[in-house]
1. Return the total of residues in region 315-354 being free of Cβ contacts under 8 Å to residues at least 24 places away in the same chain and farther than 16 Å from Gln41 by Cα.
2. With the checklist (1) of a type outside the set (Lys, Arg); (2) touching a residue at least 12 places away in the same chain (Cβ under 8 Å); (3) not assigned by TED's automatic domain parsing to the domain that holds Thr66 in hand, flag the one item Phe182 doesn't pass.
3. Select from region 322-343 the residues that are assigned to a strand (DSSP E or B) and of a type in the set (D, E, K, R) and list them in ascending order.
4. Could you list all residues from region 32-58 that are polar (S, T, N, Q) and not in a strand (DSSP E or B)?
5. Scan region 223-249 for residues that are among the small types (Gly, Ala, Ser), modelled with pLDDT of 90 or more and surrounded by fewer than 15 Cβ atoms within 10 Å (Cβ to Cβ) and jot them down.
6. Which residue pairs have Cβ atoms under 7 Å apart, sit 6 or more places apart or on different chains, and have a first residue in region 264-280 that is within 20 Å of His214 (Cβ to Cβ) and a second that is assigned to a loop (DSSP other than H, G, I, E, B)?
7. With respect to Glu72, determine if the residue is surrounded by fewer than 18 Cβ atoms within 10 Å (Cβ to Cβ), in a strand (DSSP E or B) and at pLDDT 90 or above.
8. Working only within region 17-31, note down all residues that are of a type outside the set (A, V, I, L, M, F, W, C), in a loop (DSSP other than H, G, I, E, B) and either at pLDDT 75 or above or over 30 Å from Arg223 (Cβ atoms) (or both).
Amino acid sequence: MSKQGNRTVFSTGLMVVAGWGLGVLVQASASVPFETLRVEQQLTVQEKVVDGRIEAVQQATITAQTSGRIVELLYDVDDFVEAGAVIARLRDTEQRARLNQATASLREAQARFNEAETEFERIRGIFERQLVARAEMDRATASLEAARARLEAARAAVAEAEEQVEYTRIRAPYAGIVTERFVEVGESVSPGQPLIAGISLEFLRVTAEVPQRHIQTVRELGRARVLHDGTAAVEAEQLTFFPYADPATNTFRVRVQLPPGIEGLFPGMFVKVAFAVGERERLMIPASAVVYRGEMVGVYVVDEAGRVSLRQVRVGRVDNDQIEVLAGLEPGEQLALDPVHATLHLKRQQEAAR
């Protein structure tokens, strides 16, 4: 938590810097025509940065579930497939013949059941009038139950045959991209044989190795973010820790779950993963307020009287749109947020003084 001006700002989530972009107080001085910022120490997160590799959460190799000859392949490598789309078809002559046979058996079983049910109702009516023996009633009941059992078996056989026909249409279990194709049209396949492999780019995670000396702190804080090619850091949704260390490297494997739909990241890419390992206060300012004059790095400072001066500073770590000031600037001083207007204002002050 840090105070800026008359306002309190909390450090939340995985942002290394609490402040700029999270509600810093920007105020306009009465004596200068541009916005200024009263800089303060901010509680920031210390991080351990390690290498990580992106992998897909959903990746699978689709195999055949029935025997047959491939008659159509609708997708190839690098094609996008919608969830549930048919990606391949097998010849289904044999499966449909079995379905027709099962359907005919079901019709026969239904007719037998209807006949047994009618006979049962007839015998029961006579038995209630005590015109037939108990044994006759028992035989009618047994015949009805047997017919019912055969009907249920026939229905199950039809469902199984329909499932076998559906197995000839191989469908995508989720939306994704085809990464490899193992068969061609005309090949005969059997159950368990690989057909097509694919991955989903919607759900990604990063696998990283954390040194043994940091793993306990990383577990306790449970925060991380992924850095890639100068783009904005992606905050992790969840961390999963493997319960053992690699005996060769003495590191613990950690899975970093990313939010869905991150663009520009693909399985197999290397990225940097910053794990939170502590907190400390730092003087952070907007990177846009820093000016560079050759070898000199500086900022425009406004004193209480409204006088503007260019102050040389020593800067450190850059994080998104924030930059750390190591020396040359003190907490509580007023900083010009617009160096261009501050430069023009300084020139006018110098001309007025002359």
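1. The qualifying residues number 9.
2. (3) is the only condition that Phe182 fails.
3. Result: Glu324, single match.
4. Gln58
5. Scanning region 223-249 gives a single hit, Ala248.
6. Val271/His228; Ala276/Leu14; Ala276/Arg223
7. Taking the combined requirement at face value, the residue satisfies it.
8. Those that are of a type outside the set (A, V, I, L, M, F, W, C), in a loop (DSSP other than H, G, I, E, B) and either at pLDDT 75 or above or over 30 Å from Arg223 (Cβ atoms) (or both): Ser29, Ser31.
The values are calculated or read from the model by the stated rules, or taken from the named source; none is laboratory data. What you are looking at is a predicted structure, and each value in this text was computed from that prediction instead of being measured. Glycine also receives a Cβ, built like all others from the backbone with ideal geometry; neighbour counts cover every protein chain displayed.
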